[in-house]
Amino acid sequence: MKKLELYWRDLNMGSIVETNWDMRSSGNISFKFDYLAELSENKHLADFIKFSIKDSILLDEGVQDDDLIFAQAEEEKNS
């Protein structure tokens, strides 16, 4: 198993430990970057991480139109 450090610019966001399940490669991410902080200095990065986690959960649940779900949620938030 490989362990890789994850960086965005100079910020060490965490690491990923590669795991191999069946025929595909995947890994477990350990974040050092606090993307849940209320006042993140890297808000765009924190928002992207939160979006990616939600998207991954929807895909694992078999949701085909996950983009539509995000668009509807954004529309409700702005109305």
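Sub-9 Å Cβ pairs linking a first residue in the stretch 42-58 that is under 19 Å from R9 (Cα atoms) and open to solvent by less than 70 Å² (accessible area, probe 1.4 Å) to a second residue that is assigned to a helix (DSSP H, G or I) and of a type in the set (F, W, Y), at least 6 apart or interchain, number zero. With respect to the conditions (1) open to solvent by less than 40 Å² (accessible area, probe 1.4 Å); (2) modelled with pLDDT under 85, D67 falls short on a single one, namely (1).
Among the residues of the stretch 39-58, those that are farther than 25 Å from K3 by Cα and at pLDDT 75 or above comprise E41, K43, H44, L58.
The values are calculated or read from the model by the stated rules, or taken from the named source; none is laboratory data. What you see is a predicted model, and the numbers here were worked out from it, not measured in a lab. Please note: Cβ atoms are built from the backbone with ideal geometry, for glycine as well, and neighbour counts cover all protein chains shown. Just so you know, the surface numbers come from the protein's heavy atoms only, side chains and all, with ligands and any DNA or RNA stripped out. Shrake-Rupley method; radii C 1.70, N 1.55, O 1.52, S 1.80 Å.
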